[in-house]
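Notes follow once the structure below has been shown.
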Amino acid sequence: MPGKAKQYVDQSMTSVQNTVNILQQALNSVEKQDNKNKIQQAISSLNSAQQQLSGYQD
């Protein structure tokens, strides 16, 4: 089924973006600097994954 993998990639990118948005909200409410760093690191990793997937083509 051509295009099926692309659909999965697109769905995962939507999920990653939703996760980033939620983590941004968490970042705005967290108090400890260590926790802020962990959340920021996770956001950076997810953004990196999203960039890598953005070039996916069938």
Condition check: in a helix (DSSP H, G or I) and open to solvent by 90 Å² or more (accessible area, probe 1.4 Å). Does GLN41 satisfy that?
yes
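Being without any contact (Cβ under 8 Å) to a residue 12 or more places away in the chain, surrounded by 12 or more Cβ atoms within 10 Å (Cβ to Cβ) and in a helix (DSSP H, G or I) narrows it down to one of ASN35, ASN28, so name that one.
Working: ASN28 fails: surrounded by 12 or more Cβ atoms within 10 Å (Cβ to Cβ).
Criteria check complete, one pass: ASN35.
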Boolean, GLY55 is touching a residue at least 12 places away in the same chain (Cβ under 8 Å) and surrounded by fewer than 10 Cβ atoms within 10 Å (Cβ to Cβ)
no
For the range 3-25 the number of residues that are open to solvent by 70 Å² or more (accessible area, probe 1.4 Å) and on the phi > 0 side of the Ramachandran plot is 0
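The values are calculated or read from the model by the stated rules, or taken from the named source; none is laboratory data. Remember, it's a predicted structure, so these values are computed and weren't measured experimentally. Heads up, the Cβs are rebuilt from the backbone with ideal geometry, glycines too, and the neighbour counts pull from every protein chain shown. These area figures cover heavy atoms from the full protein model, side chains too; ligands, DNA and RNA do not enter into them. Shrake-Rupley method; radii C 1.70, N 1.55, O 1.52, S 1.80 Å.
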